[in-house]
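Contents: one structure, followed by commentary.
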Amino acid sequence: MKNPFEKMPTVLTADELINKAFHRAEKAAATLTPKGGPKAKARQREELRVRTVSNVLRDSLKKLLDRTPGVSELPEFYRELVDTLVDRNQFHRSLGRVNWAIKTIRTLEQRYAEKIRYSRDPVEISKLRRAYYGRIASIIKDIADDLEYLNQARNVLKNLPVVDLELPTVVIAGHPNVGKSTLLRALTNAKPEVATYPFTTKGINVGQFEEHYLRYQVIDTPGLLDRPLSERNEVEKQAVLALKHLGRVIVYIFDPSEYCGYPVDEQTHLFEEIYREFGEFPFIVVLNKVDIAEEEKIRIIEEFIRSKGLEPLRVSALNGEGLGELRERVVGVVKPLAEERAKKSMEREIERYREGLEF
């Protein structure tokens with residue numbers, strides 16, 4: 001899966017577009033070798049200018065429309081994030097204005113090119129081309145704010161996380177420094193991809209692992225699931241909701257050693273909030289750093305977790321203790337989803353094979 005806005009091009013400003021089109025028109029006219037008398041040559045040069053300006057502008061604007069996906073057609077996860085980061089109504093309105101500009105430029109091109117072609121007065125021919133330039137510049141300036149908005153949106157949307165929406169996904173949660181990234185690396189046996197996205201200043205980590213030929217995805221979202229809801233802004237809250245369309249199981253990590261900088265009571269309070277938000281998902285609760293934690297604090301957390309009807313697991317991500325059992329628990333929850341995905345993929349391949357035989 002790629003970022004759906006990956007191919008959205010940089011949007012030039014109105015002035016940049018106008019200058020680009022006029023420059024191309026002058027260059028095309030300068031290299032033209034027209035035929036006939038002075039009037040015929042003037043008509044050919046001016047018509048070429050008109051059509052070149054139209055083509056350059058329409059091609060640039062059409063590329064923007066063609067490479068920008070429709071928000072309503074996106075998977076729900078990305079649709080939620082787009083709604084979080086940009087004003088969907090303004091986004092569609094600006095795209096609609098660009099489409100209007102394309103059609104209007106084409107109409108004016110045909111009108112003025114025809115007038116130039118049938119004119120017999122070199123002075124009038126030049127006036128027609130200048131009038132066309134003025135009309136075109138006015139149209140582009142009319143959508144100047146829309147172009148600026150779309151470029152700002154593009155700069156945000158191109159940084160959406162790249163995740164595989166079909167893979168069964170494990171979401172890691174817990175306070176900062178409890179060992180989430182270390183655990184992710186240990187689970188995936190690979191260096192995770194790390195990138196900064198608009199809804200979290202600290203970045204999102206994505207990793208994958210394979211078990212019995214089935215692939216799973218693990219993500220850690222620092223800046224989102226590592227502090228109380230009351231401390232998050234509206235963008236972050238919406239991004240948390242978007243994760244609900246992606247995750248299939250929550251691995252929640254405690255640090256009973258408190259070396260993370262957060263006492264046990266704060267860690268349990270955050271767990272309460274995350275548990276309420278993602279209550280529809282299976283939870284696997286991990287007590288990390290048990291090799292250096294006091295037994296009393298380990299038991300306090302274990303009793304708290306068991307009161308929720310969950311069975312905690314002791315691990316040390318650093319030295320590998322308990323990671324085998326953790327992986328087994330994770331796979332036990334998401335394996336049926338992975339098997340179903342593999343089955344559907346195989347069925348699609350068989351169907352394509354049968355269709356090939358029919359031809």
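The values are calculated or read from the model by the stated rules, or taken from the named source; none is laboratory data. Because the structure is a prediction, the values reported are computed rather than measured. No Cβ is skipped: glycine too gets one built from the backbone with ideal geometry, and neighbour counts run over all protein chains shown. Note: areas computed on protein heavy atoms with side chains; ligands, DNA, RNA excluded. Shrake-Rupley method; radii C 1.70, N 1.55, O 1.52, S 1.80 Å.
For the chain, modelled as a GNM whose springs connect Cα atoms under 10 angstrom apart, the maximal fluctuation among 49, 106, 120 occurs at 120. Solvent-accessible surface of the chain, averaged per residue with a 1.4 angstrom probe and all protein chains in place: 51 square angstrom. Here residue 20 is the anchor, and the lysines within straight C-alpha reach of less than 26 Å, apart from those fewer than 8 places off in the same chain, are 7, 41, 62, 63, 103, 115, 127, 141, 158. Helical content alone sets the calculated 222 nm signal of the chain at -19500 deg cm²/dmol, taking -39,500 (n - 2.57) per DSSP H segment of four or more residues and averaging over every residue. I'd like the FRET efficiency for residue 93 and residue 299, computed as 1/(1 + (r/R0)^6) with the beta carbon distance as r and R0 of 51 Å, rounded to 0.05. The value I calculate is 0.30.
Pop out the carbon and sulfur fraction of the accessible area of region 238-290 as a percent, whole number, probe 1.4 Å. The nonpolar share, carbon plus sulfur, comes to 48 percent.
DSSP assigns beta bridges within the chain; of those with both partners inside it, close to 45 percent run antiparallel.
Between residue 59 and residue 13, residue separation times 0.36 nm minus the direct Cα-Cα distance comes to 15.1 nm.
Note on the chain: GNM, Cα springs under 10 Å; of 296, 166, 76, the largest mean-square fluctuation is that of 296. Specify the residue with the greatest mean-square fluctuation among 31, 13, 52, computed from a Gaussian network of the chain linking alpha-carbon atoms under 10 Å apart. Ranking 31, 13, 52 by mean-square fluctuation puts 31 first.
Tell me, what % of the accessible area of region 56-198 is carbon and sulfur with a 1.4 angstrom probe?
Its accessible area is 43 percent carbon and sulfur atoms.
Within the straight-line cut-off of under 17 Å between alpha carbons, the aspartates and glutamates reachable from residue 297 are 255, 258, 265, 266, 311, sequence neighbours fewer than 8 places apart in one chain being disregarded. Modelled spin labels at residue 292 and residue 111, positioned 7 Å past Cα toward Cβ, are 7.5 nm from each other.
With the crude spin-label approximation of a point 7 Å out along Cα→Cβ, what separation in nm comes out for residue 308 versus residue 73? Label-label distance for residue 308 and residue 73, simple model: 4.1 nm.
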